[in-house]
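None of the figures in this text is laboratory data; all of them are computed from the coordinates on show. From a predicted model like this one, the values you see are computed outputs, not experimental measurements. Positions of Cβ are backbone-derived with ideal geometry, glycine not excepted, and every protein chain shown enters the neighbour counts.
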Amino acid sequence: MALSLIAAFWVVSTLCALTPGIDWAYVIAAGMNGRVVLPAVSGILLGQLTVALIVAGCVGALVASHPITLTMISLTGAAYLLWMGYGLLRQLKRQLGRRHFRHPIHQ
């Protein structure tokens, strides 16, 4: 593999890690809640490195030789996100059910 392709891969991976998203929101929330931010940042960077190594090592070649694999990975990821969203909605429903809210107009 050409050195320029490897360098381009790591540049794109680094830019993806630096792009604001939910991971940045998590780090900011950790800092605002008085927690140490270093474990949050370290975990995010370790996860990003793991994904980059997996893609560079084996998944990239597998997807290149069997395109249906990317479809299966995407569908599995979508199902996982839906399951997480459902769990968050259930948790929110439980939390709201424990509190007694009064409407401001009816006070």
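Label-to-label distance for Leu5 and Met32 is 4.4 nm, based on points extended 7 Å past Cα in the beta-carbon direction.
Coupling constants for segment 72-86 follow from the phi torsions by the Karplus curve (6.51 cos²θ - 1.76 cosθ + 1.60, θ = phi - 60°), and in residue order they are 5, 5, 5, 5, 5, x, 5, 5, 5, 5, 5, 5, 5, x, 4 Hz; glycine and proline get x. Each semi-axis of the equivalent ellipsoid for the chain is √(5λ) with λ an eigenvalue of the Cα gyration tensor; in descending order they amount to 39, 21, 10 Å.
So what J values fall out for segment 27-42 if you push phi through Karplus, 6.51 cos²θ - 1.76 cosθ + 1.60 with θ = phi - 60°, rounded to Hz, Gly and Pro as x? Each residue's phi maps through the Karplus curve to give 5, 5, 5, 4, x, 6, 8, x, 8, 6, 8, 4, x, 5, 5, 4 Hz. Computed from Cα positions, the angle between helix 3-18 and the longest principal axis of the chain comes to roughly 0 degrees.
The Rg/Rh ratio for segment 59-100, using Cα coordinates for both the radius of gyration and the Kirkwood hydrodynamic radius, is 1.39. Using R0 = 25 Å, the C-beta based FRET efficiency linking Gln48 and Trp83 works out to 0.65.
Packing here is the average count of other Cβ atoms within 10 Å per residue, and on that basis the peptides 82-90, 37-45, highest first, run 37-45, 82-90.
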